[in-house]
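To keep things clear, I will list the structure first and then write my remarks on it.
The values are calculated or read from the model by the stated rules, or taken from the named source; none is laboratory data. Remember, it's a predicted structure, so these values are computed and weren't measured experimentally. Every residue, glycine as well, gets a Cβ built from its backbone with ideal geometry; the counts of neighbours run over all protein chains shown. Each accessible area value is taken on the protein alone, full model and side chains, heavy atoms only, with ligands, DNA and RNA left out. Shrake-Rupley method; radii C 1.70, N 1.55, O 1.52, S 1.80 Å.
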Amino acid sequence: MRKKIIAGNWKMNKTPSEAVALINELKPLVANDEVDVVFCVPAISIIPAMEAAKGSNISIGTENMYFEESGAYTGEIAPNMLTDVGVKFVIIGHSERREYFAETDETVNKKVLKAFEHGITPIICCGETLTQREQGVTIDWIRQQIKIAFLNVTAEQAKTAVIAYEPIWAIGTGKTATSDQAEEVCAAIRGCIAEIYDDATAAEIRIQYGGSVNAGNAAELFAKADIDGGLVGGASLKPEFGNIVNYNK
Ligand code: PEP
């Protein structure tokens with residue numbers, strides 16, 4: 001039985017002191033031991049967020065990481081900088097990073113491999129545009145993203161990964177995929193993992209849905225057989241996140 005994982009993606013929001021205040025506000029609201037709860041915060045807020053989250057069920061993750069160990073990569077964050085302060089999760093290949101910061105399936109794969117090398121769990125994002133959905137190529141596109149993201153990843157590593165299926169047309173738009181649309185793609189992703197590895201790996205990997213998840217749609221989405229939680233943007237910055245995490249209460 002896969003444990004649900006619900007992660008907030010804070011994007012470029014909240015100063016470090018605002019992050020501490022928000023965590024203090026949300027801490028009692030997101031207490032649900034049946035779910036893994038992760039707050040992916042901007043890099044500058046990782047350390048104060050860790051302090052603020054101490055003693056709670058919240059894990060602190062972040063939103064990006066570079067695929068080299070160290071060196072002349074101005075502005076980037078190395079994996080050992082994250083592990084040094086206890087980061088366990090990193091979002092990789094979010095569609096905003098692909099669109100604005102030139103991330104590709106190849107850089108996603110390099111980052112995924114590097115995250116595993118350092119014992120950080122990648123939350124690997126994939127998703128189609130509205131045009132691709134209308135052209136009927138969604139599943140082909142997602143399968144390609146998954147196959148490249150997992151190149152040279154072992155089955156043992158893959159079992160511990162988190163995949164976030166995020167249709168780009170649903171991110172920050174208030175347009176959620178229906179639970180059937182989300183389930184169709186999440187089931188196809190699990191099928192693709194079974195093809196790359198085996199049924200046991202596919203049964204263990206956790207697949208989130210992301211795209212305008214809110215307190216009103218979370219329970220229906222998370223009830224689907226292949227949806228193991230959510231990656232939540234806007235609503236993760238509000239008390240509403242507590243209702244999302246407690247979707248099953
Ligand atoms: C996201 O940023 O990953 C996301 C899904 O955003 P939102 O929930 O705001 O659509």
Region 11-28: number of residues that are under 21 Å from the mean Cα position of the chain (by Cα) and among the small types (G, A, S): 1
Has region 177-192 got at least one residue that is acidic (D, E) and touching an Asp or Glu at 6+ places or on another chain (Cβ under 7 Å)? yes
Exactly one of (1) open to solvent by 10 Å² or more (accessible area, probe 1.4 Å); (2) more than 15 Å from Q208 (Cβ to Cβ); (3) more than 16 Å from the ligand (Cβ to nearest atom) is unmet by F150. Its number? (1)
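Going by what's in this entry, would V185 be described as open to solvent by less than 30 Å² (accessible area, probe 1.4 Å) and in a loop (DSSP other than H, G, I, E, B)?
Criteria not met by V185.
If I filter region 54-75 for residues that are open to solvent by 20 Å² or more (accessible area, probe 1.4 Å), hydrophobic (A, V, I, L, M, F, W, C) and under 25 Å from G172 (Cβ atoms), do I get at least one hit? Outline the logic, then answer.
So the first thing to find is which residues in region 54-75 are open to solvent by 20 Å² or more (accessible area, probe 1.4 Å), and the list is 54-57, 59, 63-64, 66-75.
Those left that are additionally hydrophobic (A, V, I, L, M, F, W, C): 67, 72.
If we keep only those that are under 25 Å from G172 (Cβ atoms) as well, we get none.
No.
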Looking only at residues that are away from the ligand (no atom under 16 Å from the Cβ), in contact (Cβ under 8 Å) with a residue 24 or more places away in the chain and among the β-branched types (V, I, T) in region 103-114, which one is least open to solvent (accessible area, probe 1.4 Å)? V112
Residues of region 1-46 satisfying the condition of being of a type in the set (D, E) and assigned to a helix (DSSP H, G or I): E18, E25
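Residues checked against (1) aliphatic (A, V, I, L, M); (2) near the ligand (Cβ under 9 Å from one of its atoms); (3) open to solvent by less than 10 Å² (accessible area, probe 1.4 Å); (4) outside any loop (DSSP other than H, G, I, E, B):
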position	(1), (2), (3), (4)
W169	no, no, no, yes
Q181	no, no, no, yes
I189	yes, no, yes, yes
A194	yes, no, no, yes
A202	yes, no, yes, yes
A219	yes, no, no, yes
A225	yes, no, no, no
G230	no, yes, yes, yes
S236	no, yes, yes, yes
Residue ranges of helices (runs of 4 or more DSSP H) in region 103-157 with at least 1 members more than 19 Å from the chain's Cα centre (by Cα): 130-135, 138-149
Quick one: is A215 assigned to a helix (DSSP H, G or I) and surrounded by fewer than 20 Cβ atoms within 10 Å (Cβ to Cβ)? no
I'm trying to understand the selection: among the residues of region 86-102, which are open to solvent by 10 Å² or more (accessible area, probe 1.4 Å) and either part of a strand (DSSP E or B) or modelled with pLDDT under 95 (or both)? F89
